[in-house]
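This report concerns only the one structure given below.
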Amino acid sequence: MPLQPSTIEGLNRARADLRMGVPVVLGSRGRGAVIIAAEVLDAPRLAELRLLGGELVLAITAHRATTLKARAYDGDLARIRIPLDAGPQWIRAVADPADDLRRPLKGPLRSQRGGEVAMHRAALTLVKSAQLLPASVVLEVSDPAALSAEHNLTRIDLDAAEPELYRASPLHPVISARLPMAASEAGRVHVFRPEDGGVEHYAIEIGQPPRDAPVLARLHSACFTGDVLGSLKCDCGPQLRAALAQMGAEGAGVLLYLNQEGRGIGLANKMRAYSLQDQGFDTVEANHRLGFEDDERDFRIGSGLLKRMGFASVRLLTNNPAKVRMLEANGIAVVERVPLKVGATAQNEGYLATKAAKSGHLL
């Protein structure tokens with residue numbers, strides 16, 4: 001049926017629903033669950049979920065569970081039993097570390113043990129990809145098709161959707177246009193759009209770099225605070241400008257501007273991490289308290305863009321060996337790592353030290 005949403009389109013619809021606080025139904029081989037993002041859950045919807053019967057649980061990542069001293073019996077996640085008298089405020093307090101230091105005792109928290117966790121894992125993956133806090137209320141249901149039809153909720157066939165949740169979405173060119181810049185008058189911006197309805201990514205091409213030779217390249221993750229506001233908490237803005245300047249000086253290069261703000265967690269969660277840093281946690285610790293990994297970026301996007309533009313090898317402007325490894329693992333030869341040591345300030349000294357000590361950056 002050509003008018004019916006595809007699996008990929010259904011997933012994007014589900015992300016939009018979750019961001020607005022609308023439940024989504026997951027189904028797999030006769031089993032099902034209704035899920036809703038903890039961050040945006042309100043009292044009326046919580047009450048309606050309870051009327052469906054069954055036990056409500058809050059799926060959180062193992063990192064968040066460690067912070068809360070809760071049992072993560074399922075390895076990468078924990079299923080916290082939600083007390084019958086708990087309201088949205090209690091659920092958000094477990095999901096959001098903003099008040100952890102002021103109110104450290106959330107529990108005792110009881111974790112579910114045993115049984116299938118595919119629905120819970122998919123729920124966390126979906127709310128993460130919607131750039132919400134990685135915490136989801138999950139209620140297992142016996143007839144997901146009937147429930148979604150009765151309440152007009154988006155339903156996802158997990159068996160069909162699971163491969164799409166974890167693959168890198170193909171990127172397609174939308175438009176390119178000439179853009180004279182301070183770094184080089186010979187500039188061109190290419191806009192690429194992913195098939196999965198995600199955010200667009202950009203390639204800034206300096207000059208006309210040949211496709212049969214290693215190109216001077218940088219994979220630069222969007223940083224609104226550093227690139228636009230001139231934040232002194234990071235070195236992103238200076239790295240962006242220095243990379244473009246070096247490409248301009250050499251007469252050729254390509255900078256991939258990837259919309260993966262805050263190491264892939266989004267601007268709102270990045271600001272949450274900044275707030276935790278003000279409480280004394282470093283970058284990695286703040287991410288873990290929020291329930292995220294050290295780095296949630298997908299460097300496959302960069303390799304995909306380079307291949308789409310016809311490049312097979314690069315001289316990579318980076319201090320991050322992980323970028324080198326990820327590009328090479330995805331078919332792009334890195335013939336040289338070109339250091340990019342700029343932007344140190346008194347305010348980002350701790351940030352840079354953490355990047356070196358915990359993320360392996362060569363500073």
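The values are calculated or read from the model by the stated rules, or taken from the named source; none is laboratory data. Keep in mind it's a predicted model, so treat the numbers as computed, not measured. All Cβ positions, glycine included, derive from the backbone under ideal geometry; neighbour counts span all protein chains shown. Just the protein is used for accessible areas: all its heavy atoms, side chains included, with ligands, DNA and RNA removed. Shrake-Rupley method; radii C 1.70, N 1.55, O 1.52, S 1.80 Å.
Brief remarks follow.
- The heavy atoms of T225 offer some 10 square angstrom of accessible surface to a 1.4 angstrom probe.
- Within a Gaussian network of the chain (alpha carbon springs, distance under 10 Å), most fluctuating of A70, A217, A47: A47
- Rounded to whole Hz, the Karplus (6.51, -1.76, 1.60) HN-Hα couplings of the stretch 134-144, x for glycine and proline: x, 7, 9, 6, 10, 10, 6, 10, 8, 10, x
- Ranking R81, R92 by solvent-accessible area of protein heavy atoms (1.4 Å probe, all protein chains present), from largest to smallest, gives R92, R81.
- Helical mean residue ellipticity (222 nm; -39500 (n - 2.57) per DSSP H run of 4+; nearest 500) of the chain: -10500 deg cm²/dmol
- Size of electric dipole in the chain: Cβ of Lys, Arg +1 and of Asp, Glu -1, about Cα centre, debye, nearest 20: 520
- Farthest toward the positive end of the dipole of the chain, out of Q260, I156, Q279, is the Cα of Q279, where the dipole comes from beta carbon charges about the Cα centre.
- Averaged over its residues, the chain has an accessible area of 47 Å² per residue, based on protein heavy atoms and a 1.4 Å probe.
- Residue-count net charge about R92 - beta-carbon cut-off 10 Å; Lys, Arg +1, Asp, Glu -1: -3
- Rel. contact order, % - alpha carbon contacts under 8 angstrom, at least six apart, the chain: 17
- Between the C-alpha center of the stretch 69-114 and that of the stretch 316-344 there is a gap of 39 Å.
- V338 sits with roughly 10 Å² accessible to a 1.4 Å probe, with DNA, RNA and ligands left out of the calculation.
- Cross-link pairs beyond the 26 Å C-alpha cut-off, checked among K69/K233; K270/K355; K233/K323; K128/K233; K69/K323; K307/K355: K69/K233; K69/K323; K307/K355
- Residue with peak Gaussian network fluctuation, the chain [Cα springs, cutoff 10 Å], from G115, G350, G266: G115
- These residues, T67, T61, go from largest to smallest accessible area, 1.4 Å probe, as T67, T61.
- The antiparallel fraction among DSSP beta bridges confined to the chain stands at about 70%.
- Residues whose amide H falls under 5 Å from that of L77, counting only those 5 or more places apart or on a different chain, are A62, with hydrogens built in the peptide plane.
- Across D294, D278, the residue with the most accessible area heads the list, and the full order at a 1.4 Å probe is D278, D294.
- Each residue of the stretch 22-31 is assigned a 3J(HN,Hα), and the resulting list reads 8, x, 10, 9, 10, x, 7, 6, x, 9 Hz, derived from the Karplus form 6.51 cos²θ - 1.76 cosθ + 1.60 (θ = phi - 60°), x at Gly and Pro.
- Placing +1 on the Cβ of every Lys and Arg and -1 on the Cβ of every Asp and Glu, with nothing else charged, gives the stretch 192-304 a dipole about its Cα centre of roughly 200 debye.
- Restricting the stretch 284-354 to GluC sites (Glu not before Pro) that sit in a DSSP loop and have at most 12 other Cβ atoms within 10 Å of their own Cβ leaves nothing.
- Rounded, prolate or oblate (a/c below 1.5 giving rounded, otherwise prolate when a/b exceeds b/c) for the stretch 91-183 by Cα gyration tensor: oblate
- Whole-Å distance, taken between Cα centres, linking the stretch 267-301 and the stretch 186-237: 22
- Mean Cα-pair separation over length for the stretch 188-266, i.e. relative contact order, pairs under 8 Å, 6 or more apart, %: 39
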